[in-house]
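Let me begin by presenting the structure, written as structure tokens, before commenting on it.
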Amino acid sequence: MATAGTETKRAAREALRDKRRIVVKIGSSSLQHASTGDLDYIRLEKLVRELCDIRNQGKDVILVTSGAIAVGRKAVGLREITEDDGERQMAVKQACAAVGQARLMMTYQKIFAEYNQVAAQILMTKNTIVDDLNRFNAHNTFTQLLRMGVVPIVNENDTVATYEIEIGDNDTLSAIVAALVDADLLILLSDIDGLYTDDPRQNPEASFIPQVDELTEELLAMGKGSTGSNVGTGGMNTKLQAARIATGSGVDMVIANSRDIGILHRILDGGQEGTLFVANREEGFDLPQFVSRLHRRQ
Ligand code: GLU
């Protein structure tokens, strides 16, 4: 595994101060109270305030948010989705997403408006990237929204995408968005501090990795089998897949703990927070082709 010396590490962090176009992803587990599954309004408000402040610094901001299914499930009073029949289970999830996405956006719109910030909704599927015309349109819409100073809020269109077999998780989606809009930095806010040599919840010997300069096979293999939280769909595996897309497309990526949302401005101030995956543009990296192969392997 390739790691860097202290000076190089400091320089890589300092470089984050100059990032202009930033994608931030927050997962369901970071948006909910673990005990009830209800939205954590304080965390949500802090997140939006941070994002508005980044906007006020003249940077472009895109938020990729999960939570549609979780919020919808609560709204219709389902404690758990217990259907045995796979098809029926999918329909329940998709119905929950239809309810929850609207609620989630209503909450975001309200808080963004409090800070005089305009927000927009973009819902994507695998086809948005794989189909040339759709990708072209999505790219133009994002670009225009950013030009107008609007914050695009993105999720997978779970009501029409066959959830869990299309893009399936928002770690991957956020990296795809970052690649599509030529972002400079992707920040994945998670319930973990960053990348460890092993799952720190199971193995106390696991050590923290502050910076990754090259995504080696050894590193990618480390994420396999890690499931992470059971609220969203992203474990470390999906985060490493996101890193593969982001760094391969020339985008730096940081995984950081959402416990304290203030971590966002500390990252953008060059602080040593979370794990930084340094961009490593791969000449032959083809986003539509990569996305078209997603989940075919399973
Ligand atoms: N798109 C899903 C939702 O909003 C979540 C996917 C994920 O957690 O990664 O509920």
Requested in this report: Mind listing whichever residues of the stretch 182-209 are over 19 Å from Ser66 (Cβ atoms) and out of contact with any strand residue (DSSP E or B) (no Cβ under 6 Å at 6 or more places or on another chain)?
Outcome: Asp182, Thr197, Asp198, Asp199, Pro200, Arg201, Gln202, Asn203, Pro204, Glu205, Ser207
Query raised in the report: Hey, among the residues in the stretch 88-120 that are touching a helix residue (DSSP H, G or I) at 6+ places or on another chain (Cβ under 9 Å), farther than 18 Å from Gln32 by Cβ and open to solvent by less than 50 Å² (accessible area, probe 1.4 Å), which one's nearest to the ligand (Cβ to nearest atom)?
Result: Gln94
Report summary line: For helices (runs of 4 or more DSSP H) lying entirely in the stretch 230-298, having 1 or more residues that are away from the ligand (no atom under 16 Å from the Cβ), at pLDDT 95 or above and among the β-branched types (Val, Ile, Thr) picks out 236-248, 263-268
Query - Leading residue by the ranking (nearest to the ligand (Cβ to nearest atom)) among those in the stretch 15-39 that are among the basic types (Lys, Arg) and not in a helix (DSSP H, G or I) - result: Lys25
Query raised in the report: How many residues does the stretch 130-167 contain that are within 16 Å of the ligand (Cβ to nearest atom) and open to solvent by less than 10 Å² (accessible area, probe 1.4 Å)?
Result: 7
Requested in this report: Test Lys46 against the criterion of being open to solvent by 10 Å² or more (accessible area, probe 1.4 Å), modelled with pLDDT of 95 or more, within 15 Å of the ligand (Cβ to nearest atom) and not β-branched (Val, Ile, Thr), and give yes or no.
Outcome: no
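Kindly check whether there is at least one residue in the stretch 46-65 that is over 29 Å from Thr143 (Cα atoms), out of contact with any strand residue (DSSP E or B) (no Cβ under 6 Å at 6 or more places or on another chain) and part of a helix (DSSP H, G or I).
Step one: list which residues in the stretch 46-65 are over 29 Å from Thr143 (Cα atoms), which gives none.
No: zero hits.
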Query - Unique match (being of a type in the set (A, V, I, L, M), buried (at least 19 other Cβ atoms within 10 Å of the Cβ) and more than 10 Å from the ligand (Cβ to nearest atom)) among Ala175, Ala221 - result: Ala175
**Report entry** Close pairs (7 angstrom Cβ cut-off, 6 or more residues apart or separate chains): under 29 Å from Asp286 (Cα atoms) in the stretch 250-270, surrounded by 16 or more Cβ atoms within 10 Å (Cβ to Cβ) and among the hydroxyl-bearing types (Ser, Thr, Tyr) anywhere
**Finding:** Met253/Thr247; Val254/Thr275; Ile255/Ser190; Ile255/Thr275
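Please determine, by comparing only the residues of the stretch 60-77 that are buried (at least 18 other Cβ atoms within 10 Å of the Cβ) and of a type outside the set (A, V, I, L, M, F, W, C), which one is farthest from the ligand (Cβ to nearest atom).
That would be Asp60.
The values are calculated or read from the model by the stated rules, or taken from the named source; none is laboratory data. Worth saying up front: this structure is predicted, and the values here are computed from it rather than measured. Methodologically, a virtual Cβ is constructed for each residue, glycine included, from the backbone with ideal geometry; neighbour enumeration extends over all protein chains shown. Heads up: the accessible areas ignore ligands, DNA and RNA and are worked out on the full protein's heavy atoms, side chains in. Shrake-Rupley method; radii C 1.70, N 1.55, O 1.52, S 1.80 Å.
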